[in-house]
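Asker: This is the structure, below, for whatever I ask next.
The values are calculated or read from the model by the stated rules, or taken from the named source; none is laboratory data. Because the structure is a prediction, the values reported are computed rather than measured. Cβ atoms come from the backbone with ideal geometry, glycine included; neighbour counts cover every protein chain shown. To get the accessible areas, we keep the full protein, side chains included, count just its heavy atoms, and leave off ligands, DNA and RNA. Shrake-Rupley method; radii C 1.70, N 1.55, O 1.52, S 1.80 Å.
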Amino acid sequence: MQPFVKLTSIPAPLPLINIDTDMIIPKQFLRTIKRTGLASGLFFEMRFDDHGAPKPDFVLNRDPYTSSTILVAGDNFGCGSSREHAPWALLDFGIRCIIAPSYSDIFFNNCFKNGILPIAIPQEQVDALLKVGSDKKEITIDLDQQKIVCGNDVYDFDVDPFRKQCLMNGLDDIGLTLEKESFISSYEEKRAEEKPWL
Amino acid sequence: MAKTLFEKIWDAHVVHKAPDGTCLIYIDRHLIHEVTSPQAFEGLRMAGRKVRNIQATLAVADHNVPTTDRALGIKDPESKLQIETLEQNVEEFGITYFGMSDKRQGIVHIIGPEQGFTQPGMTIVCGDSHTSTHGAFGALAFGIGTSEVEHVLATQTLIQKPAKTMRITVEGDLHDCVTAKDIVLHIIGLIGTAGGTGYVIEYAGSAIRNLSMEGRMTICNMSIEAGARAGLIAPDQTTFEYIKDRPMAPQGDDWDRAVTWWDSLPTDDGALFDKEIHIDANDIAPSVTWGTSPQDVLPITGVVPDPENESDPNKKAAMLRALDYMGLTAGTNLTDVVIDKVFIGSCTNGRIEDLRAAAKVIEGQHVSPHVQAMIVPGSGLVKEQAEREGLDKIFLDAGFEWREPGCSLCLGMNEDRLNAGERCASTSNRNFEGRQGRGSRTHLLSPAMAAAAAITGKLTDIRKL
Ligand code: SF4
């Protein structure tokens with residue numbers, strides 16, 4: 001996983017609420033057995049017409065947003081299906097950070113596993129950043145300081161300390177968990193004794 | 001100290017707790033399907049890791065499988081490759097697998113309970129958001145992403161922080177023709193699709209206790225549509241009777257020991273929840289969705305709402321978009337909405353009781369001439385049971401298609417799909433844009449209501465049929 005420290009980009013504004021993972025990456029792209037190459041399916045139905053041609057009015061089809069690494073969106077982002085193909089598609093497109101008032105739990109979790117930082121901040125601040133995006137101005141995300149800097153405005157954000165560490169150092173969860181092998185083994189011994197039917 | 005059902009299960013599964021409260025929790029059961037697992041097995045292979053507890057793991061193919069003649073194989077090369085990949089992976093890693101020709105094959109959330117693999121007090125995960133279904137047994141069950149699937153395969157644990165707890169109490173007697181599906185749609189309409197975010201919801205009250213296991217599964221299944229991490233219902237005699245003697249259930253002395261533990265699980269009197277919601281069962285009517293989010297729900301007697309009456313600009317924009325997508329005009333009676341297709345199935349409503357409810361409405365009637373209607377049993381065993389009861393005959397005589405088990409038109413990854421603009425009365429769980437095919441229009445409802453719609457060709461008040 002690529003470490004996440006600082007990120008500067010013009011944020012792409014997508015002011016819709018309840019953007020679900022079916023919208024982010026529809027079913028026909030879930031037949032893959034790989035994690036990569038999903039950018040072509042990202043927001044497929046909003047991004048492409050019935051003949052597969054890019055819709056010129058969709059934000060990620062327009063410059064400078066075609067190279068945005070930050071996406072700003074409405075409430076309850078990533079709701080619905082647990083498909084990790086959603087963060088994979090975003091990442092494959094180049095998105096490393098999402099800013100929205102709230103997220104669904106599974107999507108939120110999946111982001112961190114893929115080096116994407118999902119930031120939850122109040123609606124007024126999201127509205128301000130949507131405007132910054134529309135004005136094509138850059139913002140900088142500083143994960144260490146937990147700040148979003150845009151010109152003279154600075155917004156603080158919260159992030160779980162453990163997840164922050166993993167993101168900043170590009171750490172793999174499985175490796176970390178396997179360091180606790182002795183705890184897992186002793187739990188399993190106790191479990192076998194107390195609940196043998198499991 | 002008085003504890004909730006959630007807290008009891010959680011505490012029994014903590015393997016390690018870090019000073020910041022992050023826990024490593026043990027996972028008792030892991031269900032696998034073809035769509036969200038290939039990258040996880042690939043990860044294991046690349047790191048030279050094994051599956052830690054193969055007894056705890058069960059695999060099935062469901063999302064991509066054809067629901068027509070299986071002997072013809074799978075046409076789509078990508079779907080075929082995904083299922084073949086699963087078959088290679090279960091073989092290589094030694095995992096129990098119900099293949100396409102196995103009569104135990106079916107939707108992952110139907111086969112777990114059916115086999116007795118799902119039991120109270122367990123932690124259960126699957127790379128699928130509707131894993132919440134298994135919460136009906138008083139198990140902590142939730143969906144995970146593919147990276148976490150790999151994590152569970154390798155370590156049999158997950159890194160988690162405890163969720164907040166919410167109790168939704170539904171008290172009283174349900175009106176005639178009101179089913180578990182109507183209860184859960186009503187709840188989602190009330191709290192919204194983000195209402196449960198960060199919470200595990202325990203459903204309680206007499207209306208919940210009086211439900212069969214099938215009905216309880218329907219409720220817990222759609223917890224995720226309310227944004228919740230998981231749904232829970234306290235295990236009781238109904239639960240134990242359902243599990244007893246199933247192939248993977250505890251036997252003999254183990255059964256007695258297990259029941260003793262299960263009996264200790266229900267929330268203690270006086271235990272505190274972070275949030276409580278009370279619902280009068282009397283307020284719930286047969287319900288149907290009109291929009292593109294499961295919270296866009298109304299009693300069947302309602303009319304399509306008017307965005308002009310919505311003051312929140314974000315919500316108003318979402319409503320306008322939904323009405324445009326759904327091809328509906330504000331003020332239209334829901335019972336005047338004409339449909340093209342009917343789908344009865346999915347992990348929400350593809351169990352035997354659902355098929356019985358549909359058959360009761362359909363018996364002696366005929367599907368409206370302009371409607372294509374299909375029944376997709378949730379598993380091979382559900383199908384077999386329905387055939388034993390003669391339900392297939394009722395469906396076929398009425399003009400329904402009687403299909404092989406799988407996810408089918410719930411998400412249309414296989415060949416079963418709506419065409420753009422087609423409108424479907426569906427017993428599944430999501431009415432998102434494009435869910436049942438590009439441009440598809442979905443109305444969520446109960447099996448009985450879907451059956452009624454098939455007969456009249458319109459959304460129908462089941463009480464007036
Ligand atoms: S039936 Fe639908 S919701 Fe259930 S597992 Fe299959 S695709 Fe998912």
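Asker: Using the heavy atoms of the protein chains alone and a 1.4 angstrom probe, what is the accessible area of the protein assembly as shown per residue in square angstrom?
Answerer: Values: 23870 Å² over 663 residues.
Accessible area per residue, the protein assembly as shown: 36 Å².
Asker: While we're here: Ignoring ligands, DNA and RNA, what percent of the accessible area of chain B is carbon or sulfur (1.4 Å)?
Answerer: Numbers: 7640 of 15760 Å².
Answer for chain B: carbon and sulfur cover 48 percent of the accessible area.
Asker: Just for the protein assembly as shown, what percent of DSSP beta bridges are antiparallel, to the closest 5?
Answerer: Around 35 percent antiparallel, to the nearest 5.
Asker: Kindly work out what percent of the DSSP beta bridges joining two residues of chain B are antiparallel, to the nearest 5.
Answerer: Taking every DSSP beta bridge within chain B, about 25 percent pair in antiparallel fashion.
Asker: Could I ask something else about it? Which order do B:K161, A:K113 take when ranked by solvent-accessible area (1.4 Å probe, heavy atoms of all protein chains), largest first?
Answerer: Correct descending sequence by accessible area is B:K161, A:K113.
Asker: What percentage of the solvent-accessible surface of segment A:115-196, computed with a 1.4 Å probe over protein heavy atoms, is contributed by carbon and sulfur atoms?
Answerer: On segment A:115-196, the fraction of accessible area on carbon and sulfur atoms equals 47 percent.
Asker: Let me ask something else. Using +1 at the Cβ of each Lys and Arg and -1 at the Cβ of each Asp and Glu in segment B:206-287, identify which of B:P266, B:M217, B:F240 lies farthest towards the dipole's positive end.
Answerer: Of the listed residues, the answer is B:M217.
Asker: Could you list, in their original order, any pairs among B:K360/B:K383; A:K195/B:K275; B:K161/B:K275 whose Cα atoms are separated by more than 25 Å?
Answerer: A:K195/B:K275
Asker: Per the Kirkwood formula on distinct C-alpha pairs, the Rh of segment B:1-146 is how many angstrom?
Answerer: So the Kirkwood estimate lands at 16.5 Å.
Asker: Evaluate the relative contact order of chain B (contact order divided by residue number), counting alpha-carbon pairs under 8 angstrom at least 6 apart; express in whole percent.
Answerer: Normalised by residue count, the contact order of chain B is 17 percent.
Asker: Let me ask you something else. In peptide A:184-194, what is the residue-averaged number of other protein chain Cβ atoms found within 10 Å of each Cβ? Write down the numbers at each step before the final one.
Answerer: Working: counts 8, 1, 2, 9, 5, 0, 1, 5, 0, 0, 3.
Going residue by residue through A:184-194 and averaging, the value is 3.
Asker: Continuing with the same structure: Looking only at A:R96, A:R83, A:R31, which one moves most when chain A is put into a Gaussian network model with springs between Cα atoms under 10 Å?
Answerer: A:R31
Asker: What does the convex hull of the Cα atoms of the protein assembly as shown come to per residue, in Å³, rounded to a whole number?
Answerer: Spelled out: Cα convex hull of the protein assembly as shown, divided by residues, is 149 Å³.
Asker: So what's the net charge close to B:N349: Lys and Arg +1, Asp and Glu -1, counting the other residues with Cβ under 12 Å from its Cβ?
Answerer: -1
Asker: Quick one: of the DSSP bridges fully inside segment B:139-294, what percent are antiparallel, nearest 5? All intermediate terms of the calculation are to be shown ahead of the outcome.
Answerer: Values: 1 of 16 bridges.
Of the beta bridges lying entirely in segment B:139-294, close to 5 percent run antiparallel.
Asker: B:K75: which aspartates and glutamates have alpha carbons under 14 Å from its alpha carbon, excluding same-chain residues fewer than 8 sequence positions away?
Answerer: Filter leaves B:E84, B:E415, B:D416.
Asker: Let me have the 222 nm mean residue ellipticity of chain B computed from DSSP H runs of 4+ only, each contributing -39500 (n - 2.57), with the sum over all residues rounded to the nearest 500.
Answerer: -9500 deg cm²/dmol
Asker: A further question follows. Run the reach check for B:K50 against aspartates and glutamates, Cα to Cα strictly under 13 Å, same-chain hits fewer than 8 apart removed. What comes back?
Answerer: Answer for B:K50, where 13 Å is the Cα cut-off: B:E42, B:E91, B:E92, B:E150, listed by chain and number.
Asker: Now for a different question. What accessible area, summed over both chains, is buried at the A-B interface (1.4 Å probe, Å², nearest 100)?
Answerer: The A and B chains share an interface burying roughly 5500 Å².
Asker: When the gyration tensor of chain B is built from Cα positions, what are the square roots of 5 times its three eigenvalues, in whole Å, from largest to smallest?
Answerer: 33, 27, 22
Asker: Now a separate question. Can you give the calculated 222 nm mean residue ellipticity of chain A, where each DSSP H run of n ≥ 4 adds -39,500 (n - 2.57) and the sum is split over every residue, rounded to the nearest 500 deg cm²/dmol?
Answerer: Roughly -9000 deg cm²/dmol at 222 nm, from the helical runs in chain A.
Asker: Further question on the same structure: Å³ per residue of the Cα convex hull, for segment B:247-363?
Answerer: Dividing the Cα hull volume of segment B:247-363 by its residue count gives 230 Å³.
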